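The values are calculated or read from the model by the stated rules, or taken from the named source; none is laboratory data. The shown structure was predicted, so the numbers you read here are calculated from the model rather than taken from an experiment. So basically every Cβ, Gly included, is an ideal-geometry build from the backbone, and we count neighbours across all protein chains shown. Accessible surface is based on the protein model in full, side chains and every heavy atom, while ligands, DNA and RNA are left aside. Shrake-Rupley method; radii C 1.70, N 1.55, O 1.52, S 1.80 Å.
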Amino acid sequence: MKTILIAHNYSEISFSAMSYHLAQHLANLGNEVVFISHDPYFADKMSVIKKQGKITICSWPTKKRPTSLRDFFWYAKIHLHYKPDIIIGHFVGSNITVSVSKFLSLGKVKTYEYYHTLSAQLMADQKKTSIKQKVLFIRKKIFYKLLCDVIICPSELAKADLKSFYGLNKGFVLLNPMIDRFKNKIISTEESILISYLGRLDQSKGVLDLIEAYLRYKEKVKYSKIILNIAGTGSQEIKIKELVKSNMGVHYFGGLNYDQIDAYLINSHFAIIPSKFDNLPTVGLEAMMNQTPLLISNTTGLTHYLNDGVECFKFDATIDEMVSLFAKVEDNFNSYQQMSIAARSTFLNTFSMDMYCKNFAEIIL
């Protein structure tokens, strides 16, 4: 039996569910799992006894980002008490868990760090790279190189980005999964073709270009059946509200609660991902899970696992390409039903939670 520490969110919401279910799987195999949950927050330790193993759930002493000396010394006590053999880290929580455990174990602990966000995406959303940001990139490179044994990449694109930006060959591709919540596919209208965007409204996501492409297409094809839905929040929210408020063909829904996401995607003919840079967008998995085919840019990691014309239509993330994409959707809408079924099949065959948990267990045990 091994002791495995996971620093993430102990939740079945969105892609946090992969760590929640991985913890259950590892404990069922007879391991002791220590789960440090950032969100939700656990004021007191909680234990879950499984078939052969156990999960202990706790939270950082500070409810915000775990970056303080208090968090540092608290985790040192956690390590000395449980003496984990393996660390699996996500986001900022991994900085302390990985570094402290490596030091206190004299390098014996095996560390797995997640590479969630592409470097180009980070730089695009920040608009310009400050001196502070450059220092943070250098610090991250040192962290990856000296303290992380394996860097888990959710796509081949992430692995290539890790190599080109940080010069490291430690990447191991393990596709993110999604818990299957599908019930049935219901679209409330047959009069229109509903194309829906869901996600952050930031520079790297390409939403402003998407709306501009749609408006240009509607100028050319005045009787188009395509309706464009936008849902999300972010730095470009005000601009997007202004851009769409006088156009009847674009509907802006603001931010959605997580329990609204499935209904939003199920009631769409297509989900569109116009990202200029993106790793393995969660919304793409949620759309396919809900039997909704994708319109996806070629600059996302998810694109490499899909087939153009089968469960998606691929395009380059430019305005002209997206104008052509709308025409392609309208001209080939008779293939929608087959694409819808193929999207769900691809989800089940490639992005299932069971497959993820089994593959990860084989890597670390």
Relative contact order (percent) for the chain, with alpha-carbon contacts under 8 angstrom and 6 or more residues of separation?
14
Where does the longest stretch of the chain lie that holds no GluC sites (Glu not before Pro) found in a DSSP loop with 15 or fewer other Cβ atoms within 10 Å?
13-189
When Lys and Arg each count +1 and Asp and Glu each count -1, what net charge do the other residues less than 11 Å away from residue 255, Cβ to Cβ, add up to?
0
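Please give the per residue accessible area of the chain, computed with a probe of 1.4 Å over protein heavy atoms only, in Å².
Details: 16860 Å² over 365 residues.
On a per-residue basis, 46 Å².
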With every protein chain in place, the stretch 193-351: carbon and sulfur % of accessible area (1.4 Å):
51
Net charge (Lys, Arg +1; Asp, Glu -1) of residues whose beta-carbon lies under 9 Å from that of residue 173, residue 173 excluded, is 0
Any chymotrypsin sites (Phe, Trp or Tyr not before Pro) in the stretch 134-243 that lie in a DSSP loop and have at most 11 other Cβ atoms within 10 Å would be 223
Amide H contacts under 5 Å for residue 227, restricted to residues at least 5 apart in sequence or on another chain and with H modeled in the peptide plane, are 193, 194, 195
Using a/c under 1.5 as the rounded threshold, could you call the stretch 1-135 rounded, prolate or oblate? The axes a ≥ b ≥ c are square roots of the C-alpha gyration tensor eigenvalues, and prolate needs a/b larger than b/c, oblate otherwise.
prolate
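Kindly provide the trypsin sites (Lys or Arg not before Pro) of the stretch 104-154 that DSSP labels as loop, not H, G, I, E or B, and whose Cβ sees at most 12 other Cβ atoms within 10 Å.
Sparse-neighbourhood loop trypsin sites (Lys or Arg not before Pro): 108, 127, 128.
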Compare 256, 198, 106 in a GNM of the chain, Cα atoms joined below 10 Å, and give the one with the largest fluctuation.
106
Which residues qualify? For residue 35, with a placed amide H closer than 5 Å and at least 5 residues away or on another chain, they are 6, 56, 57, 58
How long, wide and thick is the stretch 193-351, going by the Cα atoms along their three principal axes, in whole angstroms, largest first?
42, 32, 27
The stretch 193-351: relative contact order in percent, alpha carbon pairs under 8 Å with at least 6 residues between:
25
Using Cα pairs under 8 angstrom and six or more residues apart, how large is the relative contact order of the stretch 138-268, in percent?
23
